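These notes concern the structure reproduced below.
Each reported figure results from applying straightforward, stated rules to the coordinates on display, with no laboratory input. What you see is a predicted model; the values in this text were computed from it and never measured. Glycine gets a Cβ as well: all are built from the backbone with ideal geometry, and neighbour counts include every protein chain shown.
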Amino acid sequence: MTDKNGFFDLSNTGLTRRTALKGLAAGAGLAVAPGFVRYSQAQSSAPIKIGFQCHRTGIGAAYGRWYERTTAAAVKAINEAGGINGRPVEVIIEDDGTDPGRGAEVVGKFATQHKTDIVYGTLFSHVVIGSAPAAGEAKMPYFVVSEGHHVASTKLNRYVFQPGITDVKSQIQAMAPWIAANAGKKVTQIFPDFAFGYDHRDYLPPALKAQGAEVIAQIAIPPTESSFTKYFPQIPAETEVIYHVMVGPAVLTFVKELGEFYGSNRPQLFGFIDSLEATDINSPGLEFLDGSHFWEGSPRYAQPDDSAAQKAYRAAVGIDDNGAAVGDPKDVSTAAHMFGCWETLYVVKKAMEDAGYKGPEDRAKLVEATEALTEFAEGPEHPQGPKTFNGKIHQCFGIQNISKVEGGRLNVVHKTKIEDGLYEPEGDYTTQPL
């Protein structure tokens, strides 16, 4: 169920007026399921406080809504299993408006006013880049769910981590062989004109060149653009593949206008599902997408080979087999990205337990414990798939999914391997002082 703004109604899981998620399922008088682990000292221990920097408004609002739902589900599961170090988890939400200046202010507010143990959950790359210095100055561990290469580039600071979702450089490197072999050799890129888009701009050409293909044109479009037809004449006639990744509230318009421009005589299309996140692929005007391919982190549609962990995760976050909210087929999820919230929170749990974390005085120990992690096995805590983690660059590596639009749904036709996306570190955060 959702409230009037489309956010998950968490009244039954402890969402307070200040948007704190508690999910204290171990309260007196509640039935306890087999295997339930009660909080040790739950009645006397203060909660672990996680500051959730949420894109509730701005161009990232669709993601923010589903990041919030996924966070609520993960916190509920963690608390029902005994919390972290025997303490309940409380998530305090602040809206950053998908704005880097406001993001930095939110990080500061978490540090000085809410006094959270960590900050978590940021997606849009320009917001991460704008907020990271504030996290470093406050010595606040900052766990982002962003995809951008900014964390792994080691150009931020030692307090910033991305352990629950892979980065664009790795994604592109893993998928470039498939694109060159199956879609075409002459590629035109369309990407958003900000940091996330620049990762695609910078890393696709060398990855394709290594596979005997080439990028023949690059078209940058502002993420706040509302009409796109004027950009399409820039696409060279010899283009064999249009590689598109767009974000923002007008993604449906972008894809529709691309179809209207080409009609039935179009080049091959390879897109990042960002271009259609939170959008029904069966919307009128999108018929031309049939037969095209998309990158997905975690598949939107249930797949025949879904693991038990994947099925349990989908049920917990409340999405049906089509990737829409249970009971509301028009409320399409951001499934390709939001799994990163679930997995990141379990990484935080693991690192806090390894560090014996007791409070803000142990933040440096938490940083070091996170850096010491090396791999995450596929399972209930990591349903998207297995991952490795490089503590020097604070970045995880995992599998990628390539899905084909057919029969009104997205079917996974290729999965990469972890090693396909590995690259040499560009620096080492562990050499920086804490």
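Annotation: amide H of A324 within the under-5 Å range of S333, sequence separation 5 or more or interchain, hydrogens built in the peptide plane.
Per residue, the convex hull spanned by the Cα atoms of region 35-140 amounts to 91 cubic angstrom.
Packing-based ranking of 223-236, 104-117 yields 104-117, 223-236, ordered from highest to lowest mean Cβ neighbour count within 10 Å. For F161, the residues whose amide H sits under 5 Å from its own are Y142, F143, V144, ignoring neighbours fewer than 5 places away on the same chain, with H placed 1.01 Å from N. Taking a cut-off of 27 Å, what percent of all Cα-Cα pairs in region 199-345 are separated by more than that? Of the Cα pairs, 29 percent sit more than 27 Å apart. When you count the other C-beta atoms within 10 angstrom of each residue and take the mean per peptide, 193-206, 162-175, 261-274 line up highest first as 162-175, 193-206, 261-274. A simple rule links phi to the HN-Hα coupling: the Karplus curve 6.51 cos²θ - 1.76 cosθ + 1.60 with θ = phi - 60°, which for region 399-410 gives 7, 10, 10, 10, 10, 10, 7, 7, x, x, 8, 9 Hz, with x for Gly and Pro. Spatial offset of region 327-374 relative to region 136-159 amounts to 14 Å, using the alpha carbon center of each.
Counted over the chain, the DSSP beta bridges are approximately 40% antiparallel. With a cut-off of 12 Å between beta carbons, the residues surrounding P192 carry a summed charge of -3, where Lys and Arg count +1 and Asp and Glu -1.
Once the convex hull of all Cα atoms in region 314-416 is built, its volume per residue stands at 123 Å³.
The Rg/Rh ratio for region 150-209, using Cα coordinates for both the radius of gyration and the Kirkwood hydrodynamic radius, is 1.02. In this Cβ point-charge picture (+1 for Lys and Arg, -1 for Asp and Glu), region 370-412 has a dipole of about 200 debye about its Cα centre. Reducing region 226-273 and region 42-88 to their Cα centroids gives an inter-centroid distance of 37 Å. The Rg/Rh ratio for the chain is 0.96, where Rg is the radius of gyration of the alpha carbons and Rh is the Kirkwood radius. Stokes-Einstein diffusion of region 117-171 at 4 °C, 1.567 mPa s viscosity, Kirkwood radius from Cα pairs, rounded to a whole number: 119 µm²/s. Quick check: net charge around D320, other residues with Cβ under 11 Å of its Cβ, Lys/Arg +1 and Asp/Glu -1? Local charge sum for D320: -1. Over every Cα atom in region 224-303, the radius of gyration and the widest Cα-Cα span, Dmax, amount to 12.3, 38 Å. Fully extending the segment from E214 to Q432, taken as 0.36 nm per residue of separation minus the present Cα-Cα distance, adds 74.7 nm. Rounded to the nearest 10 degrees, the angle from helix 100-109 to the longest Cα principal axis of the chain is 10 degrees. Within the same chain, lysines fewer than 8 places from K139 are excluded, and of the rest, those with a Cα less than 23 Å from its Cα are K49, K109, K115, K155, K349, K350, K358, K365, K392.
Using the Karplus relation 6.51 cos²θ - 1.76 cosθ + 1.60 with θ = phi - 60°, the per-residue 3J(HN,Hα) values for region 110-118 come to 4, 6, 9, 9, 7, 6, 6, 6, 9 Hz, with x marking Gly and Pro.
Scalar couplings 3J(HN,Hα) for region 310-322, obtained by applying the Karplus form with A = 6.51, B = -1.76, C = 1.60 to θ = phi - 60°, are 5, 5, 5, 4, 4, 5, 5, 8, x, 10, 8, 5, 9 Hz; x denotes Gly and Pro. Reachable lysines from K415, Cα under 19 Å, same-chain residues fewer than 8 places away excluded? Counting by Cα, and skipping residues close in sequence, K415 has these lysines nearby: K169, K311, K387, K404.
Residues whose amide H lies under 5 Å from that of E225, counting only those 5 or more places away or on a different chain, are absent; hydrogens are built 1.01 Å from N in the peptide plane.
All distinct Cα pairs of region 191-249 go into the 1/r average, and the inverse of that average, the Kirkwood radius, is 12.4 Å. The C-alpha radius of gyration of region 151-275, expressed as a fraction of 2.2 N^0.38 Å, stands at 1.09. Is any residue of region 276-300 close enough, with backbone N under 18 Å, to a label point placed 7 angstrom from the Cα of D321 along the Cα-Cβ axis, and if so, which? The answer is 281-282, 299-300, whose backbone nitrogens lie closer than 18 Å to the label point.
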